[in-house]
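Take a look at the structure set out below.
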Amino acid sequence: MKQASAIVTDQGGRTCHAAIIAREMGIPAIVGCGSATQVIQSGQDITVSCSEGEEGKVYEGLLGFDVQQAPLEELPRTRTQILMNIGNPEQAFSLANIPADGVGLARLEFIIANHIKAHPLALLYFEQLQDERVQDQIAALTASYDYKPNFFVDKLARGVGMITAAFYPKPVIVRMSDFKTNEYANLLGGTQFEPKEENPMLGWRGASRYCDPNYREAFPWNVKP
């Protein structure tokens, strides 16, 4: 997604995962088009517009555009609270300038995937890692840490702390990681500790992971089934 200038999908709604992540990354996205992948050909030049009302539009060719700016202080207040979704701590201070009442969902997945990069159990059992190449990568990543699990704790705390600092004194609601097994397996050392599931969407994820004895050592806090 980071390499995309725009995203157009066949399925999904305006609150689907692709739409939320694209919005957070500042990428124009039009979801739920039905047959976009059949109509739009590989290599075809198109212009994706999300600034012409509630429905996005896809135009053939590369079109010119004008940039219009509006002072944020002139935007009217809504009757309901507007809370943001955010996962990238590095964008927190710039996003905090957008009129909002706080963060309704601060996702840990982005911090784990992009800043920590290593599986928590791979850090906990660093000396027992079977893949020497992965062990070398984790060693370089955590060079200043004698006790590797502290790397995970520090990075996670700093990421959440940066988001909360950016929006203070507005509230920030943090969601614990909802990574699926295939996503955790993609972390450094993850393949050694993650089962292979036929359908990770319905498997070992979310709350079921945190209260599972196979994962308890990674997060030994007071989480009960």
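The values are calculated or read from the model by the stated rules, or taken from the named source; none is laboratory data. Please read these numbers as outputs of a predicted model, since none were measured by experiment. Neighbour counts are summed over all protein chains in view; Cβ atoms, including those assigned to glycine, are modelled from backbone coordinates with ideal geometry.
Okay, here's what the table says:
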item: So I173, is it under 30 Å from L72 (Cβ atoms), under 17 Å from the mean Cα position of the chain (by Cα) and touching a residue at least 24 places away in the same chain (Cβ under 8 Å); result: yes
item: Scope segment 98-124; condition in contact (Cβ under 8 Å) with a residue 60 or more places away in the chain, of a type outside the set (V, I, T) and more than 15 Å from A157 (Cα to Cα); matching residues; result: A100, D101, G102, G104, L105, A118, H119, L121, A122, L123, L124
item: Candidates Q130, Q137, filtered to the one that is out of contact with any strand residue (DSSP E or B) (no Cβ under 8 Å at 6 or more places or on another chain) and not hydroxyl-bearing (S, T, Y); result: Q130
item: Residue satisfying all of: in segment 13-31; small (G, A, S) and crowded, with 17+ Cβ neighbours inside 10 Å; farthest from the chain's Cα centre (by Cα) among these; result: A29
item: Residue in segment 195-218 that is touching a residue at least 12 places away in the same chain (Cβ under 8 Å), touching a Lys or Arg at 6+ places or on another chain (Cβ under 6 Å) and not basic (K, R) present; result: yes
item: Flag if F65 is aromatic (F, W, Y) and part of a helix (DSSP H, G or I); result: no
item: Qualifying position, being in contact with a helix residue (DSSP H, G or I) (Cβ under 6 Å, 6 or more places away or on another chain), buried (at least 17 other Cβ atoms within 10 Å of the Cβ), more than 30 Å from G32 (Cβ to Cβ) and not polar (S, T, N, Q), among A92, A118, A106; result: A118
item: Residue within segment 32-49 that is surrounded by fewer than 15 Cβ atoms within 10 Å (Cβ to Cβ) and charged (D, E, K, R) present; result: yes
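Yes/no per residue for (1) farther than 20 Å from F93 by Cβ; (2) among the aliphatic types (A, V, I, L, M); (3) touching a helix residue (DSSP H, G or I) at 6+ places or on another chain (Cβ under 6 Å):
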site: N150; (1), (2), (3): yes, no, no
site: F167; (1), (2), (3): no, no, no
site: K170; (1), (2), (3): no, no, no
site: S177; (1), (2), (3): yes, no, yes
site: E194; (1), (2), (3): yes, no, yes
site: D212; (1), (2), (3): yes, no, no
site: R216; (1), (2), (3): yes, no, no
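Let's see how each residue does on (1) in a loop (DSSP other than H, G, I, E, B); (2) among the small types (G, A, S); (3) modelled with pLDDT of 90 or more:
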position: Q41; (1), (2), (3): yes, no, yes
position: E55; (1), (2), (3): yes, no, no
position: A70; (1), (2), (3): yes, yes, no
position: N85; (1), (2), (3): no, no, no
